[in-house]
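No value in this document is a laboratory result; all are computed from the given coordinates. Remember, it's a predicted structure, so these values are computed and weren't measured experimentally. A quick note on method: Cβ atoms are made from the backbone with ideal geometry, for glycine too, and the neighbour counts reach across all protein chains shown.
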């Protein structure tokens, strides 16, 4: 008998046939081993419960979210590694990040597939740094195994755009809320035959620089039935004498001196309350001494108020800004006010008192509505009397509205940085907290929002150079997107106000300055100082 590694040879097999029989036996053994391995790899049929399926779905969602959150940081680190390697991608840069063990397994499978059947790897030496650099020339396009794919990383631009959406969308919302706000120039200036009597109430304290021009603009009004009551509120300059000189020959103008300030009253409310004691008009117009009135302003305001059926109507006119800080800060403040309250439609549809506002520079209301809400006596201890009168008007079941009068009213609120800081510090916190939603929680969070919002306007402009300097591409992309959105928004506002477009570049400076004013106002709390008087706002 002839033996081989499998034992005895079959009968009839000669010695010369030993090699053939040996190869047949070896191939049969290998086939059986392969069959056993394949059978062991076949999935065992099991009954999968819904809980097991839900668990896998939840785990998969977690993996995707984890990949989304770390994607931006990994892209930045990969780019930094490329820069540190003189522009050559490192192995870690090419691999990217893996979001789970399943993704790592798929990545290794693809790499193995590429090494075996995909691109051909070649190496060459860089002429600049002398390092070896990989060069790939793709050979035959061999399809990847089923289910094998590279991890998907959300592009950095898309991520930056998503984070910039609040800065992009908010100006669009403001524009949408301002729709439908009427313009005074679109209303007839013809007085009706039964024109109601209008009493103009003008309080003034230390307004020698403005009082004469204001009275002269009011005297030129085309309204047939009106009177002007000027109240000198204890001025320490020549306001009273100048007012009497400007109205000496006009019986429709009365200049009176307010009594000494009563306890618990703010000066402006006390002066208006004093003037209302002799006012005889059915329609009341309250205005400030730093305003200038077009001759047709009263007639058009009466027309708009009657047409829209409101009891309190404010005019938003042209804001004169002369100095650098006026041009930088004032547009930011007015943008925030419009963002919070909106235009005429938003005010007229408001049902909550916190959602309405009035412009104390010039607003008109009926005598009946004034008496119903309690007049200025009802708001005697609040710094923002116009805001509180609008709120009390809504509380009484009446409506408040706004009209744009760029051609018919102009105002220069503050004539320099010092007056601007003192003026907004007086109102922004002590008065602004009365227009906050959310009850006690909203008032607690109000200081944070008051400082945070202007800082959010300035943040893109401050972070852009830092992101460029330290090589943070995602932050740089976000900064450029948000800064562009802010510049476009303020440029549009400048165009609407008929101001030069370049003033939009002052917005970040004005936002930072206004944030500093807000911090100072918060530190003062309810204590208010204005024109030599100290108050404690309610």
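A few notes on this one:
- Each peptide among 210-223, 247-260 gets the average number of other Cβ atoms lying within 10 Å of its residues, and from highest to lowest they stand as 210-223, 247-260.
- Label-zone membership for segment 486-530, site residue 183, 7 angstrom Cα→C-beta point, backbone N under 17 Å: 492-499
- Between residue 209 and residue 440, full extension at 0.36 nm per residue minus the direct alpha carbon distance yields a gain of 79.0 nm.
- Per residue Cα convex hull volume in Å³ - calculated over segment 152-215: 228
- Relative to the globular-protein estimate of 2.2 N^0.38 Å, the Cα radius of gyration of segment 359-431 stands at 1.26.
- Rough spin-label spacing in nm, given labels placed 7 Å along Cα→Cβ, for residue 519 and residue 263: 3.8
- Estimated D of segment 330-488 in µm² per second, where Rh is the Kirkwood radius over Cα pairs and Stokes-Einstein applies at 10 °C, 1.306 mPa s: 87
- Sorted ascending by nearby beta carbons within 10 Å, beginning with the fewest, 325, 530 become 530, 325.
- Working from label points 7 Å from Cα in the Cα-to-Cβ sense, the residue 498 to residue 197 distance is 3.6 nm.
- Cβ-Cβ FRET estimate between residue 161 and residue 220, R0 fixed at 45 Å, reported to 0.05: 0.25
- Here the simple spin-label model places points 7 Å from the Cα toward Cβ, and for residue 236 and residue 175 these points are separated by 4.8 nm.
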